[in-house]
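Data first, discussion second: the structure below is written as structure tokens.
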Amino acid sequence: MKILISNDDGYQAPGIVALHDALQSIADVEVVAPEHNNSAKSNALTLHSPLYVHRAANGFRYVNGTPADCVHIALTGLLGYRPDLVVSGINNGANMGDDTIYSGTVGAAMEGYLFGIPAIAFSQVDKGWGEIESAARKAREIVQQMERQKLVGEAPWLLNVNIPNMPFEALRPIRLCRLGRRHAAERVIEQQSPRGELMYWIGGAGPAKDDAEGTDFHATAQGHVAITPLKVDLTDHEGLGYWAQTAARLAPQDEPAGQGAPS
């Protein structure tokens, strides 16, 4: 099994180091990750400046770009082969609910999925890297289970996994979940720059809005590992009928007979 590993916290983050160390015992693994923290970069690609790849002392390769950049260039020429699985993480903090739209961790995994490769995004629920070795051990266990079920290297799928910061033995069984929802983000933070200019910092994520049973928020709060299958299709399928009627009303109507353009 050949695995490509990336993340959004940067190639030196404890999460990707722990994930690499856990997976290298069961697969041939290569790391191609951002040089610096790229949290909340989603699926962004760098199109108007060059990307450079360097190799760190531990063998990891790092790129002056986004998580999606890393996976994209790895799969389109850097590696020279097609991996069986793309794994992203382990992220420093949860990627649940609306977080998945912004997440660079999910964006890296999704880039692999878009290339037709099975992919998993791993995150810890709380920031700070507490129990990171436990999370890495659980990630390895999940990857092994996927391989045993012959799901690795087959048709593409995309999983979002959130692991509570708990000792391995204390983690409760895996729960298959839907994404929850968050409230709107906290207010923007305003500050004065040293030159007297007003600058803004994006506020923190809001609290959970939909954390009902069956959501990723609910499962992890109960100590379960939450797994959510994701897809890329953002079409509002349930609303297609309504919008078809609206589109019909917006369409130009045929001009009444005899009322052509003026001569």
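The values are calculated or read from the model by the stated rules, or taken from the named source; none is laboratory data. This one's a predicted model, so the numbers in the text were calculated from it and none came from an experiment. Because the Cβ atoms are built from the backbone with ideal geometry, glycine has one as well, and the counts that use them run over all protein chains shown. With ligands, DNA and RNA removed, areas are computed over all heavy atoms of the protein, side chains included. Shrake-Rupley method; radii C 1.70, N 1.55, O 1.52, S 1.80 Å.
Structure notes:
- Among the residues of segment 157-194, those that are small (G, A, S) and closer than 15 Å to N95 by Cα comprise G180, A185.
- Residues of segment 50-80 satisfying the condition of being open to solvent by 60 Å² or more (accessible area, probe 1.4 Å) and either at pLDDT below 95 or under 22 Å from R140 (Cα atoms) (or both): N58, G80
- The C-beta contact set for segment 61-83 (first residue in contact (Cβ under 8 Å) with a residue 12 or more places away in the chain, second residue in a helix (DSSP H, G or I) and of a type in the set (F, W, Y), distance under 6 angstrom, 6+ apart or interchain) is empty.
- Those strands (runs of 3 or more DSSP E) lying entirely in segment 168-247 with at least 1 residues at pLDDT 95 or above and in contact with a strand residue (DSSP E or B) (Cβ under 6 Å, 6 or more places away or on another chain): 172-176, 224-229
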